[in-house]
Amino acid sequence: MKTVIGNWKMNVGTRESVALARGTILALRGKKVIPEVVVCPPFVALSEVRKVVARSHVGLGAQNMHGEEQGAFTGEISSRMLVELDVTHVILGHSERRHEFGETDEMVNKKVLRALEAGLVPIVCVGETSEEREKGEAKSVVEGQLRKAFAEARLRGKTFVLVAYEPVWAIGTGSPATVSDAVEMHEFVLGIMKDIFPSMKNGQIKVLYGGSVDGEDAYGFLREDAVDGVLVGGASIKPTQLNEILAAAIDVIEGQQAE
Ligand code: PGA
């Protein structure tokens with residue numbers, strides 16, 4: 001099963017989020033196979049989007065949360081608040097959070113542990129900068145991010161984890177990684193995750209690619225076995241692009257079933 005996550009960032013308000021969520025549901029209506037689709041609107045739109053996606057195939061995700069359960073953290077949102085809104089997924093450690101808001105690996109780790117405890121599926125973002133890639137450090141950087149993000153984490157039977165490999169230089173730039181570079185990194189990520197969680201079962205941890213995925217290149221990524229799905233930013237708020245990405249995921253799943 002391929003996964004498509006829409007990260008709407010700070011780009012849409014409630015009204016637009018509701019329209020996008022409705023469009024997503026319509027794009028999947030009547031399809032024989034359906035990918036796992038999760039939309040991540042801004043916090044303020046979660047409760048309205050929740051009503052739209054209820055009883056549909058579309059899941060609800062948040063773009064961030066705090067590592068503490070509650071307390072004097074003005075302006076922050078806790079896992080408990082998300083669960084109350086039927087949120088099932090939460091993006092953690094996105095590069096914009098790391099680079100614009102100083103989120104450290106330790107903070108990401110705290111959030112991951114809290115999300116797992118709350119029964120949320122963490123979508124943990126990792127990825128190297130262009131300087132790190134040029135220096136040949138892409139793998140060591142990503143390994144460090146993974147080991148720190150999942151320190152002390154335990155996988156229970158029903159726990160699911162998504163890791164999004166998102167090279168920083170590919171996010172919002174219109175220049176995605178090549179499919180072969182992405183596949184190489186995904187295989188590496190999965191190897192590290194197996195080392196961190198030796199008892200992980202097939203399908204319990206998925207590795208998604210993110211960074212300038214659009215309707216045109218989505219199929220190329222999704223058709224790779226090593227790519228369990230895509231985390232889409234800019235293209236996920238453009239209905240035509242999003243429809244093309246969903247269609248690509250459906251094509252790939254149908255192709256797999258026909259094999
Ligand atoms: P992009 O963003 O698709 O606009 O590059 C991806 C992301 O930030 O998750």
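Backbone geometry of region 233-243 corresponds, through the Karplus equation with coefficients 6.51, -1.76 and 1.60 at θ = phi - 60°, to 3J(HN,Hα) couplings of x, x, 6, 6, 9, 10, x, 5, 4, 4, 4 Hz, x marking Gly and Pro. For region 73-87, putting each phi into the Karplus relation 6.51 cos²θ - 1.76 cosθ + 1.60 with θ = phi - 60° gives couplings of 10, 3, x, 9, 10, 9, 4, 4, 5, 5, 4, 4, 9, 6, 6 Hz, in residue order, rounded to whole numbers and with x for Gly and Pro. The amide H of G59, built 1.01 Å from its N in the peptide plane, has V37, V38, V39 as neighbours under 5 Å, considering only residues 5 or more places off or on other chains.
Only Lys, Arg, Asp and Glu carry charge here, each on its Cβ (+1 for the first two, -1 for the last two); on that basis the chain has a dipole of about 1100 debye about its Cα centre. In this Cβ point-charge picture (+1 for Lys and Arg, -1 for Asp and Glu), region 64-213 has a dipole of about 620 debye about its Cα centre. The chymotrypsin sites (Phe, Trp or Tyr not before Pro) of region 28-121 that DSSP puts in a loop, and whose beta carbon has at most 15 other beta carbons within 10 Å, are F73, F101.
Heavy-atom accessible surface of the chain, averaged per residue, reaches 48 Å², computed with a 1.4 Å probe.
Out of the trypsin sites (Lys or Arg not before Pro) in region 86-186, which ones are loop residues according to DSSP with at most 13 other C-beta atoms within 10 Å?
On the way: sites: R97, R98, K110, K111, R114, R133, K135, K139, R147, K148, R154, R156, K158; in loops: K135, R154, R156, K158.
Loop-located and lightly packed - K135, R154, R156, K158.
With the charge dipole of the chain set up from +1 on Lys and Arg Cβ and -1 on Asp and Glu Cβ about the Cα centre, the Cα lying farthest toward the positive end among the listed residues S236, G215, G13 is that of G13. Surface composition of region 64-213: carbon plus sulfur atoms hold 51% of the accessible area, using a 1.4 angstrom probe and ignoring ligands, DNA and RNA.
The values are calculated or read from the model by the stated rules, or taken from the named source; none is laboratory data. Predicted model, so just to flag it, every value in this text is computed and none were measured. Using ideal geometry, Cβ is built from the backbone for each residue, glycine included, and neighbour counts are taken over all protein chains shown. SASA here: full protein model, heavy atoms, side chains in, ligands and nucleic acids out. Shrake-Rupley method; radii C 1.70, N 1.55, O 1.52, S 1.80 Å.
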